[in-house]
1. Quick check on my filter: what residues within the range 1-24 are assigned to a helix (DSSP H, G or I) and out of contact with any helix residue (DSSP H, G or I) (no Cβ under 6 Å at 6 or more places or on another chain)?
2. Name the residues in the range 27-40 that are under 14 Å from ALA57 (Cα atoms) and surrounded by fewer than 17 Cβ atoms within 10 Å (Cβ to Cβ), would you?
3. Cβ-Cβ under 8 Å, sequence separation 6+ or interchain: first residue in the range 28-49 and closer than 22 Å to LEU9 by Cβ, partner surrounded by fewer than 17 Cβ atoms within 10 Å (Cβ to Cβ) and β-branched (Val, Ile, Thr). Which pairs?
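Read-outs throughout are calculated quantities, based only on the coordinates presented, and are distinct from any laboratory measurement. Since the model is a prediction, treat every value here as computed from it, not as a measurement. Note: ideal-geometry Cβ built from the backbone for every residue, glycine included; neighbour counts use all protein chains shown.
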Amino acid sequence: MKAKVDESLCIGCGLCEQLCPAVFAMEDDVARVQADPVPEGQEDRCREAADACPVEAISIEE
């Protein structure tokens, strides 16, 4: 599984980093993916972060 952040949509709320810090980190007020592919065992948390994104900036490739 891979996660991607559309930086042009990201509003820097940090919710993804709170929900799945193994995959997402805030850099310069924008979320960035720090684990590619998503580490084993973090898939559900990654999906939760994508679903919770208020601007739908996170996409998941299974």
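1. Once the filter is applied, which keeps residues that are assigned to a helix (DSSP H, G or I) and out of contact with any helix residue (DSSP H, G or I) (no Cβ under 6 Å at 6 or more places or on another chain), the range 1-24 yields GLU17, GLN18.
2. Result: ASP29, VAL30, ARG32.
3. CYS46/ILE60; ARG47/ILE60
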